[in-house]
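*Asks:* Take this structure first; my questions come after.
The values are calculated or read from the model by the stated rules, or taken from the named source; none is laboratory data. Treat the numbers as computed from the prediction; the structure is a model and nothing was measured. Virtual Cβ from ideal backbone geometry, glycine too; neighbours counted across all protein chains shown.
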Amino acid sequence: MEEFSRIQRLPPYVFNITGEMKVAARRRGEDIIDFGMGNPDMPTPRHIVDKLIETARDPKSGRYSASKGILGLRRAMAGYYDRRFGVKLDPNTEVIATLGSKEGFANLAQAVTGPGDVIVCPDPAYPIHAYGFIIAGGVIRQAPALSPDYDLSAALRHVNGKMIVFTSKLDTVVLFTGTKLFGTMDGQRIPAAGFSGFVKPPGADGAMYQKVHQYPYQYEWEKYGDYGDHIGAMSQLFADAVIAPLFLDRPTPATQPTVKLDSGGS
């Protein structure tokens, strides 16, 4: 049977692979502790369950909702962002309710991607980061996860100025567990450089490595919406407070400290 062309473009679904590995191990009698999907292991709070029951019993709840979510919900979302992150959002034009992050991401990809558009995607990443844009007709270019001792010398010769690297030891799902299970782009099953930082390997060009400026995660970045996970640095607050000053060569307290690599030897 002929498969659909867009389905053929999709890479293997990582959680299906780990699920099959888990089932096979359990069939062998092995005791498996599953850290895979991050599923909640606590019951839903009682007040939420009570409200769901109350709403389900309301005859008016069978009607269609507003396509972008009811206004009260969108106002509550905007209020949360203001209280938690200091971000002002217009509930009428900047907030939309979706069934979950995957649905929102997939619909966003459909809305903004034109045929043949090139999308830069981290690798490894959550599957929807690439899948949504592939199904929308985009062309994926990977921003790979490399091992800490990958030799950057050749790449750094093309860098004018400096190479900025953000690292976070809180990114345990993708850059620790993910690369230990499936490997980095250079084929090592170890935590990636984005987790712990790059190190200069033997034989590397020390002068080139002077261009590498590494910024380990700081807990004070929480106030900019970056909680050290795989997508924390994507918030606009973080871009304004931390990333932009680095590119403009205007360091601020939020951009310190930097970790310089040893330039000795070659």
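*Asks:* Does V87 qualify as being surrounded by 14 or more Cβ atoms within 10 Å (Cβ to Cβ), at pLDDT 90 or above, on the phi < 0 side of the Ramachandran plot and not aromatic (F, W, Y)? Talk me through it step by step, then tell me what you get.
*Replies:* Details: surrounded by 14 or more Cβ atoms within 10 Å (Cβ to Cβ): yes; at pLDDT 90 or above: no; on the phi < 0 side of the Ramachandran plot: yes; not aromatic (F, W, Y): yes.
Spelling it out, it is not the case that V87 is surrounded by 14 or more Cβ atoms within 10 Å (Cβ to Cβ), at pLDDT 90 or above, on the phi < 0 side of the Ramachandran plot and not aromatic (F, W, Y).
*Asks:* Restricting attention to the stretch 213-235, which residues are closer than 14 Å to G86 by Cα and in contact (Cβ under 8 Å) with a residue 40 or more places away in the chain?
*Replies:* Of everything in the stretch 213-235, those that are closer than 14 Å to G86 by Cα and in contact (Cβ under 8 Å) with a residue 40 or more places away in the chain turn out to be K223, Y224, G225, S235.
*Asks:* Yes or no: D117 crowded, with 16+ Cβ neighbours inside 10 Å, charged (D, E, K, R) and either over 30 Å from E220 (Cβ atoms) or within 19 Å of the chain's Cα centre (by Cα) (or both)?
*Replies:* Working: crowded, with 16+ Cβ neighbours inside 10 Å: no; charged (D, E, K, R): yes; either over 30 Å from E220 (Cβ atoms) or within 19 Å of the chain's Cα centre (by Cα) (or both): yes.
In short, no.
*Asks:* Here's something else I'd like to know. Quick check on the stretch 1-14. Is at least one of its residues in a helix (DSSP H, G or I), closer than 23 Å to T172 by Cβ, of a type in the set (A, V, I, L, M) and under 28 Å from the mean Cα position of the chain (by Cα)? Can you show your working first?
*Replies:* Pass one, the stretch 1-14, residues in a helix (DSSP H, G or I): 5-9, 14.
Now narrow it down to the ones that are closer than 23 Å to T172 by Cβ: 14.
After this cut, where a residue has to be of a type in the set (A, V, I, L, M) as well, the list is 14.
From what's left, under 28 Å from the mean Cα position of the chain (by Cα): 14.
Yes: the stretch 1-14 contains one or more residues that are in a helix (DSSP H, G or I), closer than 23 Å to T172 by Cβ, of a type in the set (A, V, I, L, M) and under 28 Å from the mean Cα position of the chain (by Cα).
*Asks:* Could you tell me whether any residue of the stretch 35-43 is modelled with pLDDT of 90 or more and among the polar types (S, T, N, Q)?
*Replies:* No, that holds for no residue.
*Asks:* Testing K102 on (1) assigned to a helix (DSSP H, G or I); (2) closer than 25 Å to S67 by Cα; (3) over 14 Å from the mean Cα position of the chain (by Cα), one condition comes back false. Which one is that?
*Replies:* (3)
*Asks:* Check the stretch 221-228 and report whether any residue there is over 25 Å from N39 (Cα atoms), surrounded by 15 or more Cβ atoms within 10 Å (Cβ to Cβ) and not aromatic (F, W, Y).
*Replies:* Of the stretch 221-228, the ones over 25 Å from N39 (Cα atoms) are 221, 223-224.
So of that shortlist, the ones also surrounded by 15 or more Cβ atoms within 10 Å (Cβ to Cβ) come out as 221, 224.
Checking the rest, the ones that are also not aromatic (F, W, Y) come to none.
Checking the stretch 221-228: not a single residue is over 25 Å from N39 (Cα atoms), surrounded by 15 or more Cβ atoms within 10 Å (Cβ to Cβ) and not aromatic (F, W, Y).
*Asks:* Looking at the stretch 154-194, which of the residues that are among the aromatic types (F, W, Y) and in contact (Cβ under 8 Å) with a residue 40 or more places away in the chain is surrounded by the fewest Cβ atoms within 10 Å (Cβ to Cβ)?
*Replies:* So in the stretch 154-194, the residues among the aromatic types (F, W, Y) come out as 166, 176, 182.
Filter once more, so that each one left must be in contact (Cβ under 8 Å) with a residue 40 or more places away in the chain: 166, 182.
Working: F166: 20, F182: 14.
Ranking the qualifying residues of the stretch 154-194, first place goes to F182.
*Asks:* Shifting gears a bit: Tell me which residues, restricted to the stretch 123-153, are assigned to a helix (DSSP H, G or I), under 21 Å from the mean Cα position of the chain (by Cα) and in contact (Cβ under 8 Å) with a residue 40 or more places away in the chain.
*Replies:* At the first step, the residues of the stretch 123-153 found to be assigned to a helix (DSSP H, G or I) are 127-135, 153.
Add one more test, that the residue is under 21 Å from the mean Cα position of the chain (by Cα), and what stays is 127-135.
The answer is P127, A130, Y131, I134, I135.
*Asks:* Determine if the stretch 47-56 includes at least one residue that is over 30 Å from R141 (Cα atoms) and within 21 Å of the chain's Cα centre (by Cα). Walk me through it before giving the result.
*Replies:* Narrowing the stretch 47-56 to residues over 30 Å from R141 (Cα atoms): 47-56.
Still in the list and also within 21 Å of the chain's Cα centre (by Cα): none.
Within the stretch 47-56 (the criterion being over 30 Å from R141 (Cα atoms) and within 21 Å of the chain's Cα centre (by Cα)), the answer is no, since none of the residues qualifies.
*Asks:* Does the stretch 68-80 include one or more residues that are assigned to a helix (DSSP H, G or I), free of Cβ contacts under 8 Å to residues at least 60 places away in the same chain, surrounded by 15 or more Cβ atoms within 10 Å (Cβ to Cβ) and within 23 Å of the chain's Cα centre (by Cα)?
*Replies:* For the stretch 68-80, residues assigned to a helix (DSSP H, G or I), free of Cβ contacts under 8 Å to residues at least 60 places away in the same chain, surrounded by 15 or more Cβ atoms within 10 Å (Cβ to Cβ) and within 23 Å of the chain's Cα centre (by Cα): present.
*Asks:* While we're looking at this one, here's another question. Take the residues in the stretch 24-47 that are surrounded by 10 or more Cβ atoms within 10 Å (Cβ to Cβ) and out of contact with any helix residue (DSSP H, G or I) (no Cβ under 9 Å at 6 or more places or on another chain); name whichever of them is farthest from A130 (Cα to Cα).
*Replies:* R26
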